[in-house]
Amino acid sequence: MSFEFDVITLFPEMFDAITKYGVTGRAWERQIYGLHTWNPRDFTNNNHRTVDDRPYGGGPGMVMMAGPLEEAIVAARTKQITYGIDKTKVIYLSPQGQLLDHKMVVELSQLSGLIILSGRYEGVDERLITRQIDEEISIGDYVLSGGELAAMVLIDSMVRRMPNVLGDPESANQDSFVSNLLDYPHYTRPEVYQGDSVPEELVSGDHVKINRWRLQQALGRTWLRRPDLFALRTECKMTIEEKELLREFKETYETKQNDVK
Ligand SMILES: C[S@@+](CC[C@H](N)C(=O)[O-])C[C@H]1O[C@@H](n2cnc3c(N)ncnc32)[C@H](O)[C@@H]1O
């Protein structure tokens, strides 16, 4: 049984970006996950298929009405039950939700399906959120015009971690954030580009040396760019080798900084 995403959206075609291209497109073709869209306009009972109305209390913009959204969510739930999906959640993508991070992606991947609501306009009627939504998730402290891109960010980050999606299963485990570290720098041919050479460790053919260099770069980059992640890593206790690699990295970095001055 594949993981089932059921997305409530006014713009179903946007999800072609996920199902037709790249890693997520190939995984979709191989039926590693299912993605079905539900348009709230199909759950209206007026000639104009209206799904939004003016806000009570006045103010700018329109608000998505609870009725069509609730019916779409109920239809998606019924479908998931028919498919035997027992562990599922209803997520509303919202700038007011909890910030999406790697830990959350891993936790959501333990489920067997998700129903994802993409908002539009000023957002959705609060009573719909109270009645139907299990979790609100934000993809960052900025406001998008709609929840579709945010839903695709969530789906992509989950799909690339699913078994047999990436050519090399180790790839996803080496990505940034997996061990509270950023990824190490990558290089490909040519060996010398505009006078700039690939680090000698990477062309040494010595795998112990290569792995040591990569770990050191990952530790060093995290220390420089994301000290917040680095603090989490320190809490998980660094090995003696990691401490030594980081000490060496800091020493080289500080020497270079002093040379520049
Ligand atoms: C224009 S926004 C509404 C913003 C809302 N008035 C507010 O200030 O919180 C329309 C829809 O885009 C989606 N959206 C916007 N920014 C988002 C973000 N940072 N993360 C997730 N979804 C977002 C939500 O689904 C939202 O209902």
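The values are calculated or read from the model by the stated rules, or taken from the named source; none is laboratory data. Quick caveat, the model's predicted, so the values are computed rather than measured. Positions of Cβ are backbone-derived with ideal geometry, glycine not excepted, and every protein chain shown enters the neighbour counts.
Look at residue 237 and say whether it is over 30 Å from residue 33 (Cβ atoms) and at pLDDT below 95. Quick ask: steps written out before the conclusion?
Details: over 30 Å from residue 33 (Cβ atoms): yes; at pLDDT below 95: yes.
So residue 237 fits the description; yes.
Quick check on my filter: what residues within region 183-206 are surrounded by 15 or more Cβ atoms within 10 Å (Cβ to Cβ) and part of a helix (DSSP H, G or I)?
Scanning region 183-206 gives 201, 202.
What do you reckon, is residue 70 assigned to a helix (DSSP H, G or I), at pLDDT 95 or above and either in contact with a helix residue (DSSP H, G or I) (Cβ under 9 Å, 6 or more places away or on another chain) or farther than 15 Å from residue 37 by Cβ (or both)?
yes
Yes/no matrix, rows are residues, columns are (1) assigned to a helix (DSSP H, G or I); (2) modelled with pLDDT of 95 or more; (3) not acidic (Asp, Glu):
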{"site": "208", "(1), (2), (3)": "yes, yes, yes"}
{"site": "214", "(1), (2), (3)": "yes, yes, yes"}
{"site": "218", "(1), (2), (3)": "yes, yes, yes"}
{"site": "221", "(1), (2), (3)": "yes, yes, yes"}
{"site": "228", "(1), (2), (3)": "yes, no, no"}
{"site": "231", "(1), (2), (3)": "yes, no, yes"}
{"site": "244", "(1), (2), (3)": "yes, yes, no"}
{"site": "247", "(1), (2), (3)": "yes, yes, yes"}
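Among the residues of region 144-160, are any within 16 Å of the ligand (Cβ to nearest atom), touching a strand residue (DSSP E or B) at 6+ places or on another chain (Cβ under 7 Å) and in a loop (DSSP other than H, G, I, E, B)?
yes
Please indicate, with yes or no, whether at least one residue in region 77-89 is within 13 Å of the ligand (Cβ to nearest atom) and surrounded by fewer than 19 Cβ atoms within 10 Å (Cβ to Cβ). Walk me through how you get there before you give the answer.
Of the residues in region 77-89, the ones within 13 Å of the ligand (Cβ to nearest atom) are none.
Looking through region 77-89, none of the residues is within 13 Å of the ligand (Cβ to nearest atom) and surrounded by fewer than 19 Cβ atoms within 10 Å (Cβ to Cβ).
So which pairs qualify, if the first residue must be in region 117-129 and within 11 Å of residue 53 (Cα to Cα) and within 10 Å of the ligand (Cβ to nearest atom), the second must be aromatic (Phe, Trp, Tyr) and not in a loop (DSSP other than H, G, I, E, B), the Cβ gap must be under 8 Å, and the two must be at least 6 apart or on different chains?
Sorted first by the residue in region 117-129, then by its partner, the pairs are 124/92.
Quick check, is residue 58 assigned by TED's automatic domain parsing to the domain that holds residue 135 and part of a loop (DSSP other than H, G, I, E, B)?
yes
Out of (1) more than 22 Å from residue 16 (Cα to Cα); (2) basic (Lys, Arg); (3) within 16 Å of the ligand (Cβ to nearest atom); (4) within 27 Å of the chain's Cα centre (by Cα), the odd one out for residue 103 is which?
The one condition residue 103 does not meet is (3).
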